[in-house]
Amino acid sequence: MRIGLGLPTAIAGSPAGLTLDWARLAEAGPFTSLALHDRLVFDSLEAMTTLAAVAAVTRRVRLACLVLIAPLRGSALALAKQARTIAVLAGPGRFTIGLGVGPRRDDYEAGHVLFEHRGRLLDEQLADLVQLVGDGVELLIGGRGHAALARMVRAADGFCHEGGDPQAFRSAADRARIAWSDAGRPGKPVIWGLGYFALGPGSTEVGRQALRRYYSFTGVHATRIAAGLLTSADAITAYCEGYREAGCDELVLFPTVADLTQVERLGRALQER
Amino acid sequence: MRIVCIGGGPGGLYFSILAKRANPAHKVTVYERNRPHDTFGFGVVFSDATMDFLARQDQGTYRDLMKRVTRWDSFTVIHRGRVNSVRGIGFSAIERRQLLLLLQQQARDLGVELLFQHEVTDPNAHLTADLVIGSDGVNSVVRSALAQHLRPHIEVGPTHFSWLGTDRPFDSLTFFFEANEHGRFGAHVYPFAPDRATFIVETDAETYRRAGAARFTEADTTAYCERLFTSQLGGHRLLSNRSQWQRFRTVRCASWHHENVVLIGDAAHTAHFSVGSGTKMAMEDALALSRALERSPGDVPGALIAFEQDRRPRVNHIQAMARTSFDWWSTFRHYVDWPPAKFGFHFITRSQFRWDTLVGRDASYLRSVEAAAGIDVRSRVMAVEPAGGDRSELVRLASSHPLTLTRLLPVSDQGRITPDDGRLDDYADLACRFRLGAQLSHAGPRGACLPRRFGTDRPLPAAEGWPLLAASAVRYTPASALPQPMNRSDMEHVREDFAEAARRAACLGFRFLQLQFGHGYLLGTFISPLTNRRRDQYGGGIGNRMRFPLEVLQAARAEFPGELAVAISATDWQVGGLTETDMLAAARLLKDHGADFVTAMGGQTTSQSKPPYGRCFQMHLAGKIQNHAAVPAIAAGGITDLDDAKTVVLSGRAERCLLDSLHHT
């Protein structure tokens, strides 16, 4: 299992310049990818333009968008062009784009797209995207419903899980593999997982606060998600082991504290495994 | 804010408490038609998972409840006097009256206005409040008043039940099955105190009619059930409390809210009591609603949208689980004559439990199931050659399984899915060395596509494709080529192609043949009502829709002496698709025309089908084919390992199963 690092683009109040410094530092570290989330109505950096910039300051790591709320992005052609541009700037085999509808109605209201049309829009975009993006871009589908798995088997390379304890990941990953084999796709889907960490003195509460804020739209579940924050090397080791056993191909650990020391701390925690 | 709760059951009371706690300035009124001490029903059950959820969300209420509940840790099925007990399935229970008194007390302490014996007949009179909660249960007047906006759908179940209680002590959640001269009965026993239990008796319509229970008074019902369950009650009584016979009503609504009015609990959604989730869902609704309101201060309609969005997936999940469980209770007459161990295991695996989820709870129970069955499940597992795998992979599978099926092989060039499809003759050297089965198909409208490493149903460039056939001119995806509806001459060709392929398979030494009549391929387009729009004798009712597939089956059967299975999409996993009655009729017809087995696949009949993928996600379909239509079934779909195969075979749902070619490492 490969381990990637999340970019600090969705931690409200991140200092300017942190993201690119973070990317340069991670390029040297033990991580195989740099990933970010997409969100419209939140104090965060825009996903595609950020990845283009990160492509310019890195050479080795894979770049991943987990996941892009595609129906808010207009035509498949415009989106495919952006994706191809990032892939070209990054160099061969370095770009993973996850697509989903996202769970947030406010993003759709702000984007003037009807929430009720999200599934149909993504289906239409996907049909064109697979033609337009071309080979060399890894395409994932995110989402928890049956529709997401149907999309994955139709046109994508794999599945991106939304995060959660290894048991929840395992059952979602099993479903994705079952869908894949039921549809007669050869091999198995690439499966990405994610988690959140905060390491170092005083970081636990800051990190939980950041998660509660980011996930406040999930209502009663924000508390549970915040409680799942990984705050020690042991917790990270156990989490990685659980994901590995459940058949995760790439696990991305996202930061919740906007501080460069988090990159080094995570690197050390991973080496202690 | 002025908040009105119509209905003072657990959901309404709990919400009033949470609202008042969130903001003591809210003026909250609860209208309840009964008196404070009145209550109907006996006990309320919470699973360990529900209690854990409550512990995380509301420590105070959790602690108050924990002081009053009794906890049990096992689950018992008693059938024909034999006991099947499973440990490690924990739940807590409380007398419903005690729960209500506890919540009433808390509400009163917080300053909620509780108005008892106050029946609301016209909810419109309360609409001036800032927020109106319809927590008035399954017969909700709030729901009726807003029916135009909420669009409720109420499904009346086929069984009849009576809600009783007993003073016989029970130490476990217990299910009894009993027969008398009128038919068969089941009892759900949910203890809620050391010497008190809810005792629900349930039966099918036929037994109910023969017993003449429609004319029973409450005393008649009690006496009848006491006689029926004499030995199980061991001299104890049954208690009644408005215990008329009823049919369960499953409530679903297109929307749970309109402007400033929202439904929670049974008013919005019900789930058959056999999954024990009524009070749990009502309390979870109350929690989710209060959180949604806290997050959107001053925006009630916005909060109600967020509430519904949050709760829908969870409620849908429970309703789906309840549907499977209720389905079992509606059809258990098919199983009551089974040996007790098999019956018990079938019952326990009816909705959420499987072999792998029980192993950690009670391995010794599972050993007893295995011993009683005396079946080596390994001998019932069939492997399938993985798509895109190479020769050595097939040899490896064939060496370690009693039978291994090839991938789908086209009966003709026109029947190919992709240009890369294999041929029967590719297996010429292997078919005589190993126990192999051939899977024959004609792609129909799913033909002429790119190899599946590029995805599914992505059409080849037009110049590289070939003409497609189907029952009717229906494209598989919007991008697919339009197939030609088959004429008589096409049918004769296809039938001959299948016969020729079957002959060739026998000749090459294949031991087994499976004809693919599902998944939206050619023969499947005749069977599914979604893809067959013909007006001739090959379209219309299931008898007509099966006509051509049966002609093909007979032609292949005549050429193949070994075992022959036909795979169908036993459901379309789509609204408007194949009904259960049609599925059973199709299975019987296939058996009558020479199929030794019917393989229960599902979905893929159109690109819109949405199978609920998961482990063993289609085993109930095999179970129905095997037990309701008496046709030997092969289960397929999400059977990932030997544990899943045990779930399917030892529960009597299928003779064999097709192992999913799922790789973990």
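Results, tabulated for the structure shown:
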quantity	calculated
For chain B, share of DSSP beta bridges that run antiparallel, in % to the nearest 5	50 percent
Average beta-carbon neighbours from other chains, 10 Å sphere, peptide B:476-482	1
Enclosed volume per residue, in Å³, of the convex hull spanned by Cα atoms of the stretch B:253-326	69 Å³
Translational diffusion coefficient (Stokes-Einstein; Kirkwood radius from C-alpha pairs) of the stretch B:99-205 at 4 °C, 1.567 mPa s, in µm²/s	72 µm²/s
Exposure proxy order (Cβ contacts within 10 Å, fewest to most) of B:450, B:131	B:450, B:131
Dipole in debye (nearest 20) - the protein assembly as shown, about Cα centre, beta carbon charges: Lys, Arg +1; Asp, Glu -1	500 debye
Chain B: angle of helix B:96-110 to the longest principal axis, Cα-based, in degrees nearest 10	60 degrees
Calculated on alpha-carbon atoms, Rg and Dmax of the protein assembly as shown in Å	29.4, 85
Amide proton proximity set for residue A:64, modelled H, under 5 Å, gap of 5+	A:34, A:35, A:36, A:96
Proximal charge balance of residue B:449 [Cβ under 13 Å; K/R count +1, D/E count -1]	+4
Charge dipole (debye, nearest 20) of the stretch A:170-268; +1 at Cβ of Lys and Arg, -1 at Cβ of Asp and Glu	260 debye
Separation of alpha-carbon centers, the stretch B:174-211 and the stretch A:42-68, rounded to whole Å	61 Å
Range of Cα positions in chain B per principal axis (Å), largest first	82, 58, 51
Rounded FRET efficiency, nearest 0.05, which uses the C-beta distance separating residue A:42 from residue B:490 and R0 of 51 Å	0.35
Directionally averaged projected area (convex hull, Cα atoms, the stretch B:275-314), nm²	2.7 nm²
With Cα atoms, 0 to 90° folded angle of helix B:59-68 axis to chain B main axis	80 degrees
Ascending count of other beta-carbon atoms within 10 Å, so fewest first, for B:468, B:127	B:127, B:468
Neighbourhood charge, 13 Å Cβ-Cβ cut-off, centred on residue B:419 and excluding it, Lys, Arg +1 and Asp, Glu -1	+1
Helical mean residue ellipticity (222 nm; -39500 (n - 2.57) per DSSP H run of 4+; nearest 500) of chain B	-11000 deg cm²/dmol
Part-to-part distance (alpha-carbon centres) for the stretch B:252-278 and the stretch A:248-273, which is given in Å	43 Å
Relative exposure of B:32, B:119, judged by other C-beta atoms within 10 Å (fewest first)	B:119, B:32
Calculated from backbone phi, Karplus (6.51, -1.76, 1.60) coupling profile of the stretch A:222-239 in Hz, x at Gly/Pro	4, 4, 5, 5, 4, 5, x, 4, 8, 10, 8, 4, 5, 4, 5, 4, 5, 4
For the stretch B:157-314, Kirkwood radius (reciprocal of mean inverse C-alpha pair distance, Å)	17.8 Å
Point-to-point label distance, residue B:220-residue B:259, nm (Cα→Cβ direction, 7 Å offset)	4.7 nm
Cα-based shape type of the stretch B:47-156, given that a ≥ b ≥ c are square roots of the gyration tensor eigenvalues and the cut on a/c is 1.5	oblate
Qualifying trypsin sites (Lys or Arg not before Pro) for the stretch A:51-141 [loop in DSSP, other Cβ within 10 Å: at most 14]	A:59, A:60
Percentage, to the nearest whole number, of Cα pairs in the stretch A:23-103 over 19 Å apart	34 percent
Local net charge near residue B:439, Cβ-Cβ under 12 Å (Lys/Arg +1, Asp/Glu -1)	-1
Rough spin-label spacing in nm, given labels placed 7 Å along Cα→Cβ, for residue B:231 and residue A:78	7.4 nm
Rounded tilt (10° steps) of B:10-22 against the dominant C-alpha axis of chain B	70 degrees
Surface/4 of the Cα convex hull for chain A, nm²	13.1 nm²
Lys, Arg +1 and Asp, Glu -1 on Cβ, resulting dipole of the stretch B:83-164 about Cα centre, debye, nearest 20	380 debye
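Only the coordinates and a few stated rules stand behind these numbers; no lab work does. Keep in mind that this is a model prediction, so the values were computed, not measured. We place every Cβ from the backbone using ideal geometry, glycine too, and count neighbours over all the protein chains shown.
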